[in-house]
Amino acid sequence: MNGAAGNGVIPARHGRAVRLKQGQFVELTNTFGQQVVDTWAFGAADPTERLSMEDTRSKNSSVYARAGDVLYSDRRRPMLTFVSDTSPGRHDTLLCACNQAIYVELGCEQYHRNCRENLREALAAVGIDRREAPSPLNLFMNVQVGPEGQVQRFPPASKPGDRVVLRAEMDLVVVFSSCPQDITPINGALCTPTDVHYRIIDAGPIPVVAQGEPL
Ligand SMILES: [Zn+2]
């Protein structure tokens with residue numbers, strides 16, 4: 001689903017692009033609870049403007065993205081507001097999208113699906129040609145920074161049905177990738193990527209998100 005409203009699935013190991021109008025919300029549900037979702041955003045009018053984790057960390061003075069935060073573009077303009085979150089609130093802004101070179105480091109001899117390629121595929125499906133992959137917002141990726149700056153990776157702290165809601169602060173193309181990582185336990189101890197689901201909600205009052213609502 002690449003239209004302006006509706007529901008959809010991000011199939012395990014794949015990416016999808018969705019278009020949001022300013023003021024619309026997208027609710028992303030971690031249907032099975034342990035799936036990391038790499039997330040990017042680009043200006044619909046000018047896709048060279050993109051969601052920037054480095055500018056967001058700078059503006060918010062935090063390495064974490066949490067409900068209540070505004071997420072900024074590389075021109076330091078608000079792109080998304082992180083409206084709500086039923087999960088324990090662990091969302092990484094530091095680590096790169098997985099890519100073929102990482103899977104080679106992990107011993108893969110064949111092509112392995114990866115978030116960087118999922119981004120390219122998803123953008124191509126909506127007519128945007130983009131080769132390089134900005135740093136993603138890694139929703140549900142449980143990365144913590146130790147007192148000496150150590151980057152520590154843990155399985156997601158989320159549970160089935162946890163959901164986040166983001167509001168578009170400008171017209172956007174948002175890309176979600178259901179991370180294909182099945183070698184390390186970043187997508188949970190079973191190392192099994194799963195589908196996640198999304199719902200686009202029209203502009204209006206901030207939607208109330210309660211644990212256990214049906215999709
Ligand atoms: Zn990945």
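Since every read-out is calculated from the coordinates, none of them should be taken as a lab result. On a predicted model such as this, the values are computed, not experimentally measured, just so you know. Note: ideal-geometry Cβ built from the backbone for every residue, glycine included; neighbour counts use all protein chains shown.
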Positive-end residue, the chain charge dipole about Cα centroid, Cβ charges, pick of 36, 71, 194: 71
Among 188, 161, 149, determine the one that fluctuates most according to a GNM of the chain built with springs between C-alpha atoms less than 10 Å apart. 149
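Count neighbours as other Cβ atoms within 10 Å of each site's Cβ, and list the chymotrypsin sites (Phe, Trp or Tyr not before Pro) in region 52-152 that are DSSP loop with at most 16 such neighbours.
On the way: sites: 64, 72, 82, 103, 111, 140; in loops: 111, 140.
Sparse-neighbourhood loop chymotrypsin sites (Phe, Trp or Tyr not before Pro): 111.
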Please report the relative contact order for the chain, taking Cα pairs under 8 Å with a sequence separation of at least 6, and give it as a percent rounded to a whole number. 41 percent
Quickly estimate the mean residue ellipticity at 222 nm for the chain, helices only: each DSSP H run with n ≥ 4 gives -39500 (n - 2.57), and the total goes over all residues, rounded to 500. -3000 deg cm²/dmol
Please turn the phi angles of region 71-88 into ³J(HN,Hα) values with the Karplus equation 6.51 cos²θ - 1.76 cosθ + 1.60 (θ = phi - 60°), one per residue in order, whole Hz, x for glycine and proline. 10, 10, 8, 6, 9, 6, 9, x, 10, 9, 10, 7, 7, 7, 7, 8, 7, x
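Taking Rh as the Kirkwood radius, which is the inverse of the mean 1/r over Cα pairs, what is the Rg/Rh value for the chain? Let's see the in-between values first.
On the way: Rg = 15.8 Å, Rh = 17.0 Å.
Reported Rg/Rh, Kirkwood definition of Rh: 0.93.
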Residue among 156, 180, 147 with the largest mean-square fluctuation in a Gaussian network model of the chain, springs linking Cα atoms under 10 Å: 147
